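The values are calculated or read from the model by the stated rules, or taken from the named source; none is laboratory data. Computed from a predicted model, the values in this text were never measured in an experiment. Ideal geometry is used to build each Cβ from the backbone, glycine not excepted, and the neighbour counts take in all protein chains shown. We work out accessible area using only protein heavy atoms, side chains counted, and drop any ligands, DNA or RNA first. Shrake-Rupley method; radii C 1.70, N 1.55, O 1.52, S 1.80 Å.
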Amino acid sequence: MRPLARLLLLAMGCAVMLATSIARPYPSTFITHPVQLPGGGAELLEIFVQGAPGKRFASNTYVRTWSRAGRLVGILSPTAPPAEALSTLAPSASYVVGEQVGALGTVAFVLYAPQEQLFDDRERAQPSLLPEPGTAFLTLYAPDGPVDVELGFGVGVMQYRCDCHVEAGARSVYPSPESPPQGGPPDGGGD
């Protein structure tokens, strides 16, 4: 009986190892970009995903906010909007996914902190933030209060999909404006 039990345990262990290796055949390598937004602040990021020429694949990204409260609005544009377009954002506006926001682009997501959204999650049929490799511009806006944000790129997943080297990242184009000092006028002047 013991050899049979050992053989059964060995077969079960092999089945579990095989199932876990099939479930995640790619490394879970992520590149992250943190952003801190003051209340009412916005920041424009240039985001990019690049693979080998001629290789098509959907990007795998996530946006996470771990702040205790507040909205985070993400507005996506294929071209860089002018810096003055950030002044058109209004805290009282109700931002809806798919809505066009002037020269800034289209609302891609609205998160209520603390929340995370994974883009291109095939199990949940999530859309991709970048439908294909390339460059886009993402405006992050915190209308209600300060929000800490993390933008992540699933490089391991993308490399597995295209069977090629993938580079991804983000850089700040227009940083969030500084908050005025408490108790004083925004220009720092006195009476």
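Starting from residues that are β-branched (Val, Ile, Thr) and open to solvent by 60 Å² or more (accessible area, probe 1.4 Å), keep the ones in the stretch 76-111 and report whichever is farthest from the chain's Cα centre (by Cα).
88
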Name every residue in the stretch 49-71 that is farther than 14 Å from residue 165 by Cα and not in a loop (DSSP other than H, G, I, E, B), in order of residue number. 61, 62, 63, 64, 65, 71
Exception for residue 142 within (1) out of contact with any helix residue (DSSP H, G or I) (no Cβ under 8 Å at 6 or more places or on another chain); (2) more than 17 Å from residue 35 (Cβ to Cβ) falls at (2)
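If you scan the stretch 82-119, which residues turn out to be in a helix (DSSP H, G or I) and either under 17 Å from residue 71 (Cβ atoms) or of a type outside the set (Asp, Glu) (or both)?
Passing the criteria: 83, 85, 86, 87, 88, 102, 103, 104.
Being among the basic types (Lys, Arg) and at pLDDT below 60 is the requirement here; does residue 24 meet it?
yes
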Step by step: first the residues of the stretch 146-191, then only those that are among the hydroxyl-bearing types (Ser, Thr, Tyr) and assigned to a loop (DSSP other than H, G, I, E, B), then the one that is modelled with the highest pLDDT. Which residue is that? 176
The correct count of residues that are over 16 Å from residue 137 (Cβ atoms), of a type in the set (A, V, I, L, M, F, W, C) and buried (at least 21 other Cβ atoms within 10 Å of the Cβ) in the stretch 38-56 is 0
When residue 124 is run through (1) open to solvent by 80 Å² or more (accessible area, probe 1.4 Å); (2) part of a loop (DSSP other than H, G, I, E, B); (3) at pLDDT 85 or above, the failure sits at (3)
Residues that are farther than 13 Å from residue 151 by Cβ and out of contact with any Leu (no Cβ under 8 Å at 6 or more places or on another chain), drawn from the stretch 41-57: 41, 50, 51, 52, 53, 54, 55, 56, 57
Of the residues 54, 39, which single one is more than 14 Å from the chain's Cα centre (by Cα) and at positive phi? 54
Conditions (1) among the hydrophobic types (A, V, I, L, M, F, W, C); (2) in contact with a Gly (Cβ under 7 Å, 6 or more places away or on another chain); (3) surrounded by fewer than 17 Cβ atoms within 10 Å (Cβ to Cβ); (4) in a strand (DSSP E or B); number of the one not met by residue 138: (3)
